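As structure tokens, the structure follows; a few thoughts come after it.
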Amino acid sequence: MDRKTYREAFDQIPFSADFQERTANLLHQCARELEKENKIVNFSKTKKLAVTAAAAVALLIVSVSAALVWLTPAQVAERFGNTLLSEAFEGPDAIIVDETVETGDFAVTLMGLVSGEDLDTLNPDPGSAHTYAVLSLRRLDGEPLETQTFGFSDYTMTPLVAGCSPAAVNNWTLGAFASGFAENGVYYCMLDTESIEKFADRTVYMAFYEGLAPNNTIFTVNGDGTIAFCDDFDGVHALFELPLDPAKADPAAVEAFLEENPMGWTNDRTPTEDGNYVTTEQETEDGLIVTLQPAGGEDRNG
């Protein structure tokens, strides 16, 4: 039986959401009982080896079952009925990240991404390269997340690029679309965006946070152009640096993109003495982007 068939068969086993936690607790309980027994009865070498082997097998079962119960990026694409994208996530161009940040009540894991043309039959932009990224979310207390109750629209998953204003390069200017669902208590998000490989010779991030469009109450831009969350931002937030191949960068395309999206930036949130702000508006396919910054404030352009 090949790995894919085995995984599909394993997926049919109805594990409860707290299976791994209960199994681990049971193993710890057995270990404590064995420790107590060892103080009273001197185990023979054979019995000790048998107990050790049984514990090792049980732990292996827990580890294997957890790995198989959690979906891969390819399986997430399959759940959306996208066979071409699923195959791409298992191909040589896919980037596996598997980096986790614990924030608030959640563990946020950027699982991986892949870029290419015509990977999505539902993509309304055929012939243009897109980037697809998959992120998973689980509660640290083990409570399962459900599709019907998780507030997916309260969070944003977006690319950002060092040296570019977060207002200039984000989901809204990249024409992104995000979707998600929960399975086995884990929530999976998939982002479809205009390809970000053109920025590959810069530091490119994938941000996940509680909130909507990037602004200076969420992000700060450092003097060297790097981007970070504001120190006083207390919502759920995670920032991942993407391991893109610099050889795939397209500086000319980046220059054209920034000319089309000339959104400035200031870290200053203090209004001028007269309370005036400068408001800029930009029409995009997804609606109007409004940027508010103090008049005369420092402006960092992408």
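The values are calculated or read from the model by the stated rules, or taken from the named source; none is laboratory data. Since the structure is predicted, the reported quantities are computational estimates derived from the model, not experimental observations. Positions of Cβ are backbone-derived with ideal geometry, glycine not excepted, and every protein chain shown enters the neighbour counts. Keep in mind that these areas ignore ligands, DNA and RNA; they rest on the heavy atoms of the full protein, side chains included. Shrake-Rupley method; radii C 1.70, N 1.55, O 1.52, S 1.80 Å.
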> In whole Hz, what ³J(HN,Hα) sequence does region 199-210 give by Karplus (6.51, -1.76, 1.60; θ = phi - 60°), x for Gly and Pro?
Replying inline: 8, 5, 8, 10, 6, 10, 10, 10, 9, 10, 7, 8
>> Using 0.36 nm times the number of residues separating Glu99 and Glu259, minus their current alpha carbon distance, what extension gain do you get?
In response: 54.3 nm
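Could you state the accessible area per residue of region 204-267 in Å², with a 1.4 Å probe and every protein chain left in place? Walk me through the intermediate numbers first.
Working: 2970 Å² over 64 residues.
Ligands and nucleic acids excluded, the result is 46 Å² per residue.
Do any GluC sites (Glu not before Pro) in region 112-187 lie in a DSSP loop with no more than 13 other beta carbon atoms within 10 Å, and if so, which?
Working: sites: Glu117, Glu146, Glu183; in loops: Glu146.
For GluC sites (Glu not before Pro) across region 112-187 that sit outside H, G, I, E and B with at most 13 neighbouring Cβ atoms in 10 Å, the list reads Glu146.
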> Under a 5 Å amide H to amide H cut-off, with H placed in plane at 1.01 Å, what residues pair with Cys230 once short-range neighbours are removed?
Replying inline: Phe219, Thr220
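With every protein chain kept in place and ligands, DNA and RNA left out, what is the accessible area per residue of region 92-139? Probe 1.4 Å, answer in Å². If you can, show how the numbers build up before the last one.
Values: 2190 Å² over 48 residues.
Result: 46 Å² per residue.
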>> Taking the solvent-accessible surface of protein heavy atoms with a 1.4 Å probe, what is the per residue accessible area of region 147-188 in Å²?
In response: 33
> Non-local amide H neighbours of Phe106 (under 5 Å, H modeled in plane, Pro and chain starts lacking H): which ones?
Replying inline: Leu140
> Relative contact order for region 73-188 using alpha-carbon pairs under 8 Å, separation at least 6, rounded to a whole percent?
Replying inline: 20
> What part of the accessible area of region 107-231, given as a whole %, is carbon or sulfur when the probe is 1.4 angstrom?
Replying inline: 48
> Protein chains only, probe 1.4 Å: how do Glu260, Glu194 rank by accessible area, largest first?
Replying inline: Glu260, Glu194
> Applying the Karplus parametrisation 6.51 cos²θ - 1.76 cosθ + 1.60 with θ = phi - 60° to the phi angles of region 109-115, what ³J(HN,Hα) value in whole Hz is obtained for each residue in order, glycine and proline being reported as x?
Replying inline: 10, 7, 7, x, 8, 8, 10
